[in-house]
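Student: Shown below is the structure under consideration.
The values are calculated or read from the model by the stated rules, or taken from the named source; none is laboratory data. All values reported here derive from a predicted model rather than from experimental measurement. Virtual Cβ from ideal backbone geometry, glycine too; neighbours counted across all protein chains shown.
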Amino acid sequence: MSINELFSLEGKVAIVTGASAGLGVACAKGLAEAGADVVVAARRAEALRETAALVEARGRRALAVPTDVSDPDACAALVAAAVAEFGRVDVLVNNAGVGTAVPALKETPDQFRQVIDLNLNGCYWMAQEAARAMTDGGSIINISSVLALTTAGLPQAAYTASKAGLLGLTRDLAQQWSRRKDIRVNAICPGFFPSEMTEQYQDGYLDGMTERAPMGRGGKPEELAATVVFLAGAGAGYITGATVVVDGGIAIT
């Protein structure tokens, strides 16, 4: 197989959750540019239609399915819609998530549960349903965070717990499914990329994180999308259970 073929996703079908904005949109576009048809999911229907149009503008088929991944039944319906439309599922990008910054002594049980339900439980429900549909093998990519590996000065107990939990989930699913089902499961820990979450940070915070990064800058969405495309395809065929850190070096500081 040639290098070009190793990085091609022609004939593949990918599901991207959290695809209504930011990095989810970048991932959907990147997968389409690599040749995949893309099912985009999030809670905001109108924004999803815009992402689907971006996929189609790249010459690929798209399906927009409004979905709340914290609901297991909604996850099952999403995967069923993908199979009904395209006949298969080859790639899942578990990107849906929410960020919070609440001091630990003020965070309520409901606030904590809501973050875990979306960021961690939702990824598990989606992985279960996608694995059932990946009858010819596949690739599951869990979008964690650099905050699963380090701290960044904000009170984010629920968020960091959910993202650290994803790394453990990734390893366990990899050891369960890589041989038995030919499904590779990997995680990506992004650093600071432009997103709706980063738009909520106080003035000067991102500048401080940029200064902390050995590379001296924030990430570009296409850099994360390129990592997703790599892990989705045959070029990463011998990689499973791995955590790929895409953070400009923040985790080592």
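Student: Taking residue 239 as the residue in question, decide whether it is within 22 Å of residue 183 (Cβ to Cβ), touching a residue at least 12 places away in the same chain (Cβ under 8 Å) and aliphatic (A, V, I, L, M). Steps first, answer last, please.
Tutor: Details: within 22 Å of residue 183 (Cβ to Cβ): yes; touching a residue at least 12 places away in the same chain (Cβ under 8 Å): yes; aliphatic (A, V, I, L, M): yes.
Criteria met by residue 239.
This table checks each residue for (1) more than 17 Å from residue 40 (Cα to Cα); (2) assigned to a helix (DSSP H, G or I).
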site: 75; (1), (2): no, yes
site: 81; (1), (2): no, yes
site: 103; (1), (2): yes, no
site: 128; (1), (2): yes, yes
site: 131; (1), (2): yes, yes
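Student: Out of all the residues in segment 133-170, which are assigned to a loop (DSSP other than H, G, I, E, B) and among the β-branched types (Val, Ile, Thr)? Step through it out loud before you land on a result.
Tutor: Taking segment 133-170 as the starting set, the residues that turn out to be assigned to a loop (DSSP other than H, G, I, E, B) are 134, 136, 144-145, 149-156.
Once the filter is applied, which keeps residues that are assigned to a loop (DSSP other than H, G, I, E, B) and among the β-branched types (Val, Ile, Thr), segment 133-170 yields 150, 151.
Student: Please work out which one of (1) surrounded by fewer than 20 Cβ atoms within 10 Å (Cβ to Cβ); (2) in a loop (DSSP other than H, G, I, E, B); (3) not basic (Lys, Arg) is the condition residue 192 fails and give its number.
Tutor: (1)
Student: List the number of the failed condition for residue 105; all other conditions in (1) crowded, with 16+ Cβ neighbours inside 10 Å; (2) modelled with pLDDT of 95 or more; (3) of a type in the set (A, V, I, L, M) hold.
Tutor: Result: residue 105 passes all but (1).
Student: Which members of segment 4-54 meet the condition of being over 20 Å from residue 193 (Cβ atoms), without any contact (Cβ under 8 Å) to a residue 60 or more places away in the chain and β-branched (Val, Ile, Thr)?
Tutor: Hit for segment 4-54 is 39, nothing else.
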